[in-house]
Amino acid sequence: MNTILRKSVLGVAGLAFAGGVFAGPAAAHAAPSVESVPVAVAVQADKPSVDKAKLVPHGVQGAQSRIDLSDEQVDNVKAIIAATKKAGMDERAAVVSIATALQESKLENLGHLGDRNDHDSQGLFQQRPSSGWGTVEQITDPEYSTTAFLKGLKQVDGWQDMPLTKAAQTVQVSAYPDHYAQWEQMAADLVAEHWNS
């Protein structure tokens, strides 16, 4: 018997013995297997994870809302994340942006809604051409509208340390300033899922 085969047989026998000692008498009397079968182990390279503590640093405020998203809405989430990265901002900025868009449009790139519209508000963030956010074509472009929102967010001193609803409200100047908070957990979950995809 060659040396490698002998070491394999002795190794298997040793494992069988050790298994019998720890597993009890029934296993100790089982016939040891001397065949060595190589086992292939598949290792999947996971994408790097996002630091979830960074996404919601102060915990969520109040009851949280959640909706099912269509493929178009998921594409808008990805567009917001891409624009956030392009602007050199972090995952928390993406959470604030997505939560704001969830409140303003449910992540739908809305055009002018006629009588149902709030003045001339349009796009993911319901930005208004008449308030200087850009042209209709610009604010209905997800990258442009996100970049415009982030530009406003950057001008808010200490936004990173504010509750989400206060940071969003400072940029948006909504009639319903507390409504952004309800989307924080869903926005954080979406950023965790799509930031590295």
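Looking at (1) touching a residue at least 60 places away in the same chain (Cβ under 8 Å); (2) over 24 Å from residue 68 (Cβ atoms); (3) surrounded by fewer than 20 Cβ atoms within 10 Å (Cβ to Cβ), which one does residue 171 not meet, given that it meets all the others?
Evaluating residue 171 over (1) touching a residue at least 60 places away in the same chain (Cβ under 8 Å); (2) over 24 Å from residue 68 (Cβ atoms); (3) surrounded by fewer than 20 Cβ atoms within 10 Å (Cβ to Cβ) leaves (3) as the failure.
List every residue pair whose Cβ atoms lie under 9 Å apart, where the two residues are 6 or more positions apart in sequence or sit on different chains, the first residue falls within segment 70-82 and is among the acidic types (Asp, Glu), and the second residue, located anywhere, is in a helix (DSSP H, G or I).
Qualifying pairs under 9 Å: 75/142.
Report those helices (runs of 4 or more DSSP H) wholly inside segment 50-154 carrying at least 2 residues which are at pLDDT below 95 and open to solvent by 50 Å² or more (accessible area, probe 1.4 Å).
The qualifying helices (runs of 4 or more DSSP H) are 52-55, 136-139.
Can you pull out every residue in segment 146-168 that is of a type outside the set (D, E, K, R), over 18 Å from residue 59 (Cα atoms) and more than 20 Å from the chain's Cα centre (by Cα)?
Residues satisfying the conditions are 148, 152, 155, 156.
Mind checking which residues of segment 174-186 are assigned to a helix (DSSP H, G or I) and either open to solvent by 40 Å² or more (accessible area, probe 1.4 Å) or free of Cβ contacts under 8 Å to residues at least 24 places away in the same chain (or both)?
177, 178, 179, 182, 185 - these are the residues of segment 174-186 that are assigned to a helix (DSSP H, G or I) and either open to solvent by 40 Å² or more (accessible area, probe 1.4 Å) or free of Cβ contacts under 8 Å to residues at least 24 places away in the same chain (or both).
The values are calculated or read from the model by the stated rules, or taken from the named source; none is laboratory data. From a predicted model like this one, the values you see are computed outputs, not experimental measurements. Quick reminder, even Gly has a Cβ in these numbers, built from the backbone with ideal geometry, and neighbours come from all protein chains shown. What goes into the accessible areas is simple: the full protein's heavy atoms, side chains included, and nothing from ligands, DNA or RNA. Shrake-Rupley method; radii C 1.70, N 1.55, O 1.52, S 1.80 Å.
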